[in-house]
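Taking it in order: structure first as structure tokens, then the write-up.
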Amino acid sequence: MTVKHLTQTEVARRWCLSPRTLERWRWLGQGPAFLKLGGRVAYRLEDIEAFEAAQTRDATSSPQSPHAGIPAAVTA
């Protein structure tokens, strides 16, 4: 099985975010799971897709996810 990895820049582009936002989320312990490989950060595509699925809501009044403070735009 081949595992696809994305860079911070690729994830930021996918979600229309600044790469610095992902850096801040990592520092705060929020956002998707990531790998630290030497000095590099990588995200598994399956972790990104799972994080997106966890952000799905039926209404704006739906309970907030455990990733509080992360904008709903991440699911785009």
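Tabulated results
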quantity	calculated
Using θ = phi - 60° and Karplus 6.51 cos²θ - 1.76 cosθ + 1.60, couplings along the range 32-48 (whole Hz; Gly, Pro as x)	x, 4, 9, 10, 10, 10, x, x, 9, 10, 9, 10, 6, 4, 5, 5, 5
Rounded percent of accessible protein surface that carbon and sulfur make up, the range 1-63, 1.4 Å probe	52 percent
Sequence of Glu52, Glu46 when ordered by accessible area, the most exposed leading, probe 1.4 angstrom	Glu46, Glu52
Residue among Gly38, Cys16, Leu28 farthest towards the positive dipole end of the range 1-55, charges placed on Cβ	Gly38
Computed accessible area, Thr21, all protein chains, 1.4 angstrom probe, square angstrom	30 Å²
Area accessible to solvent at Lys36, 1.4 Å probe radius, in Å²	130 Å²
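The values are calculated or read from the model by the stated rules, or taken from the named source; none is laboratory data. Small disclaimer: the values here were computed from a predicted structure and weren't measured. Here Cβ is always computed from backbone atoms with ideal geometry, including for glycine, and neighbour counts include all displayed protein chains. To get the accessible areas, we keep the full protein, side chains included, count just its heavy atoms, and leave off ligands, DNA and RNA. Shrake-Rupley method; radii C 1.70, N 1.55, O 1.52, S 1.80 Å.
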